[in-house]
Amino acid sequence: MPRLTVQQRLRFLLDHRSFHELWADRRSPNGVAGDGVITGVGQINGERVCVFAQNAAVCGGSIGQVHAEKIAHLVVKAAEWGIPIIGLYDGGGARIQEGMGSLDRCGRLFKAIVDASGKIPQVSVILGACAGAAAYAPALTDFTFMVQNQGMMYLTGPTIVEAVTGESITGQELGGADHASAAGVADFVYPDEVSCLQEVRYLLSLLPRNQRRRPPSYSSDDSTDRPCPELLTIVPPQAAIPYNMHEVIAVILDLGSGLEVASNWAGSVLTYLGRLDGHTVGILANQPTRRAGCLDIDSAQKSQRFVRRCDTFGIPLISLVDVPGFLPGTEQEHGGVIRHGAGMLAAYCSATIPRVQVILRKAYGGAYIVMDSLSVGSDVTLAWPTNEIAVMGAMGAVEILHRTDLSAADDREALAKTLQQNYSEKFLNPAIAAEMGIVHAVIDPSDTRRALIEALEWTRDKRRDAPPGTQNWW
């Protein structure tokens, strides 16, 4: 599909004939009208938004002084007006021929974005190059979209890398796949511009206009009382058998409403926005098909960012737990897994939104705690009859507790099996969690959707004491 013009992009993004351009006659120092960026206001799904779109046909879409001033002014006004802002990026970074002036205005633009952070939703869409200093701007916003094989982000770029190091890299190596999977910068990657812009529209339908508003709600065609017997077959009762958590989430949410965030990054946790009984919710879930659902450096960072995003915009959060622990190994320890795990824990502890935890199967060790346990502030904690809450699994526990006996045993395997069975009966008994008050209720898996809707209804008016404008997830 050919690249769209900047005017076509605005037409696909915004409601029909809703766009009004602002500062169209501002001129660059060399007399270029508009200075390579279109700024204005429009509507998406009938709600007002601010939008700017870089025009690669004018000075390569590079950020000159007037270009940056127009965007920064729009960001400031969007925050004052309390409406979301969307940036369509397709440019070559700071304008070299304007020297330090362009760098100064870029810095002022970044300051405007940070000042607006947490007050309004800020969405970036990478439709072409987003180079040099300009690459910082999307990284400071709430959500970033990219078009595969077309959108690119880089600080130095192929030309500078080759000049400085002698190495040659291609634009493909700087594209959406890398930023979605390796770097974690892009939250969404789509094959073409039209599908990308349509999904931006859907994301905006899930978010509030500003931090002081509640997320939008809609009447749902999906029954509140819809049973979910599929969950009984999707999730095996045996803790060691993997399953696809995507299927669980699809069954629980209003049908067809799920939007996965950062789907290609840190796959051992899944992060979704969607609707439950017509209300926007966030879901953070372990994925047993990836590293058995273990938390690691990237998944802890991904979780922390998602929890803070939901908290910033008042989106209730559901945590679906099936986690064997943190990924072991010196690579993780040296990489700072403790620090990143602590960041995830702090995000949950400080979150003021309604929070509901559901323990599907295993929940071991520190990973159980950081997945929004009752002890760190979950409002409602539910568990399936297959739940296992313990310091660790039976095999690891027996190896530590009975090391001497196992070493001296004539039949080590038989003794280990007996000891594991005894440990499981004593510590992994699903009824213990309810008896100790660690969970509020043990529910039938097929009632999970209904139970979640009820729990979120109880907590819908939860008081939020966090001051506005405290977004800092990046």
So is Asp322 touching a Ser or Thr at 6+ places or on another chain (Cβ under 6 Å) and either under 30 Å from Lys119 (Cβ atoms) or buried (at least 21 other Cβ atoms within 10 Å of the Cβ) (or both) or not?
no
Note on Thr330: of the conditions (1) at pLDDT below 95; (2) closer than 19 Å to Pro288 by Cα; (3) of a type in the set (S, T, N, Q), unmet is (2)
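Answer yes or no as to whether Ala300 is under 22 Å from Gly335 (Cα atoms), in the same structural domain as Gly336 (by TED's automatic domain parsing), modelled with pLDDT under 95 and assigned to a helix (DSSP H, G or I). Spell out the reasoning first.
Details: under 22 Å from Gly335 (Cα atoms): yes; in the same structural domain as Gly336 (by TED's automatic domain parsing): yes; modelled with pLDDT under 95: no; assigned to a helix (DSSP H, G or I): yes.
The answer is no for Ala300.
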Selected residue [closer than 17 Å to Ala292 by Cα, modelled with pLDDT under 95 and crowded, with 21+ Cβ neighbours inside 10 Å] from Ile359, Ile389
Ile389
Taking the stretch 300-315 as the region of interest, how many residues are crowded, with 24+ Cβ neighbours inside 10 Å, under 11 Å from the mean Cα position of the chain (by Cα) and not charged (D, E, K, R)?
4
Taking the options Pro385, Pro328, Pro316, Pro324, name whichever one is out of contact with any Asp or Glu (no Cβ under 7 Å at 6 or more places or on another chain) and free of Cβ contacts under 8 Å to residues at least 40 places away in the same chain.
Pro328
When you go through (1) outside the structural domain of Ala433 (by TED's automatic domain parsing); (2) buried (at least 18 other Cβ atoms within 10 Å of the Cβ) one by one for Arg403, which number turns out not to apply?
(2)
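Could you pull out the residue among Tyr272, Tyr218 that is closer than 23 Å to Glu457 by Cβ, of a type outside the set (A, V, I, L, M, F, W, C) and modelled with pLDDT of 95 or more? Break it down stepwise before answering.
Values: Tyr218 fails: modelled with pLDDT of 95 or more.
Of the residues listed, the single one that is closer than 23 Å to Glu457 by Cβ, of a type outside the set (A, V, I, L, M, F, W, C) and modelled with pLDDT of 95 or more is Tyr272.
Do we find that Leu345 is of a type in the set (A, V, I, L, M), surrounded by fewer than 23 Cβ atoms within 10 Å (Cβ to Cβ) and in a helix (DSSP H, G or I) in this structure?
Working: of a type in the set (A, V, I, L, M): yes; surrounded by fewer than 23 Cβ atoms within 10 Å (Cβ to Cβ): yes; in a helix (DSSP H, G or I): yes.
Judged against the criteria, Leu345 is a match.
Looking at the stretch 233-254, is at least one residue closer than 24 Å to Asp15 by Cα, part of a loop (DSSP other than H, G, I, E, B) and either of a type outside the set (Phe, Trp, Tyr) or in the same structural domain as Leu88 (by TED's automatic domain parsing) (or both)?
Scanning the stretch 233-254 turns up no residue that is closer than 24 Å to Asp15 by Cα, part of a loop (DSSP other than H, G, I, E, B) and either of a type outside the set (Phe, Trp, Tyr) or in the same structural domain as Leu88 (by TED's automatic domain parsing) (or both).
For (1) farther than 29 Å from His340 by Cα; (2) surrounded by 14 or more Cβ atoms within 10 Å (Cβ to Cβ); (3) at pLDDT 95 or above, each residue gets a yes or a no:
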site	(1), (2), (3)
Cys228	yes, yes, yes
Ile241	no, no, no
Ala250	no, yes, yes
Asp254	yes, yes, yes
Gly258	no, yes, yes
Val261	no, yes, yes
Asn264	no, yes, no
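Hand me the list of strands (runs of 3 or more DSSP E) wholly inside the stretch 355-443 holding 3 or more residues that are under 23 Å from Ile453 (Cβ atoms). I'd like the intermediate steps shown before the answer.
Working: elements: 355-364, 380-383, 388-390.
Because the criterion is at least 3 residues that are under 23 Å from Ile453 (Cβ atoms), the strands (runs of 3 or more DSSP E) in the stretch 355-443 that meet it are 355-364, 380-383.
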Could you run through the stretch 85-134 and say how many residues are surrounded by fewer than 20 Cβ atoms within 10 Å (Cβ to Cβ) and not basic (Lys, Arg)?
12
I'd like to verify a number: residues in the stretch 56-109 that are closer than 20 Å to Glu21 by Cα and either at pLDDT below 85 or touching a strand residue (DSSP E or B) at 6+ places or on another chain (Cβ under 9 Å) (or both), how many?
30
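Can we say Asp322 is modelled with pLDDT of 95 or more, of a type outside the set (Val, Ile, Thr) and in a loop (DSSP other than H, G, I, E, B)?
On the way: modelled with pLDDT of 95 or more: yes; of a type outside the set (Val, Ile, Thr): yes; in a loop (DSSP other than H, G, I, E, B): no.
So Asp322 does not fit the description; no.
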Somewhere in the stretch 289-299, is a residue buried (at least 23 other Cβ atoms within 10 Å of the Cβ) and within 15 Å of the chain's Cα centre (by Cα)?
yes
Lone unmet requirement of (1) out of contact with any Lys or Arg (no Cβ under 7 Å at 6 or more places or on another chain); (2) surrounded by 23 or more Cβ atoms within 10 Å (Cβ to Cβ); (3) on the phi < 0 side of the Ramachandran plot for Ile63:
(1)
Would you call Ile353 in contact (Cβ under 8 Å) with a residue 60 or more places away in the chain and either buried (at least 21 other Cβ atoms within 10 Å of the Cβ) or touching a Ser or Thr at 6+ places or on another chain (Cβ under 7 Å) (or both)?
no
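How about the stretch 143-158: which of its residues are at pLDDT below 85 and at positive phi? Reasoning before the result, please.
Start the filter on the stretch 143-158 by keeping residues that are at pLDDT below 85, which leaves 155-158.
Gly157, the sole residue that qualifies.
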Going through the stretch 126-155 in order, the residues found to be closer than 18 Å to Arg95 by Cβ, hydroxyl-bearing (Ser, Thr, Tyr) and either part of a loop (DSSP other than H, G, I, E, B) or more than 19 Å from the chain's Cα centre (by Cα) (or both) are Tyr154
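The values are calculated or read from the model by the stated rules, or taken from the named source; none is laboratory data. Nothing here was measured: the structure is a model prediction, and the numbers come from that model. FYI the Cβ positions are ideal-geometry reconstructions off the backbone, even for glycines, and counts take in every protein chain you see.
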